[in-house]
Amino acid sequence: MKHLSITRFGSLLIAFSLVCIGRSMAQSKPWTVPKEYASLTNPNTNNQQEIKEGKTLYTAYCTPCHGDKGKGDGVAAASLTPKPADHSSPTMINETDGNLFYKITEGRTPMPQFKTTLTEKQRWELVLYIRTLCKTAKK
């Protein structure tokens, strides 16, 4: 648990640091994902334990920008350009698992990359959890 609070503090620090960067380096192009990622499918089994792990990771790494419910309204979101994605949006359903995995892995200003911070399994767990957020948007 101590590790998680240190991780959360680090995530918040990164998010706030990116505020200045985000203002000066706004993205004007769509986020293009290489074709080889688009067809990737999540190797995790979508069980409750993996979703729970994904939620823990999301809380630690993603909520500063994307917010607790994934709406793109985290504490750092107001100052970021471009704005964080709304993971609860029905448009997220159109994102392939591979697209989400790529974006988490590689990042793009102001979003940091997580390819060295999180294991491949953890990044796929995040994809599973993000899927639960966009399913609740359909109701």
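The values are calculated or read from the model by the stated rules, or taken from the named source; none is laboratory data. What you see is a predicted model; the values in this text were computed from it and never measured. Note that each Cβ is placed from the backbone with ideal geometry, even for glycine, and that neighbours are counted across all protein chains shown.
Brief remarks follow.
- Qualifying residue in the range 35-51 (condition: in contact with a strand residue (DSSP E or B) (Cβ under 9 Å, 6 or more places away or on another chain) and farther than 17 Å from ARG123 by Cβ): no
- Hits in the range 66-113 (condition: modelled with pLDDT under 95, among the hydrophobic types (A, V, I, L, M, F, W, C) and under 15 Å from LEU126 (Cβ atoms)): ALA85, MET92, MET111
- The residues of the range 80-110 that are of a type in the set (A, V, I, L, M) and touching a residue at least 60 places away in the same chain (Cβ under 8 Å) amount to a single one, LEU80.
- Test: ASP73 is touching a residue at least 40 places away in the same chain (Cβ under 8 Å), of a type in the set (D, E, K, R) and either within 16 Å of LEU133 (Cβ to Cβ) or in contact with a Ser or Thr (Cβ under 9 Å, 6 or more places away or on another chain) (or both): no
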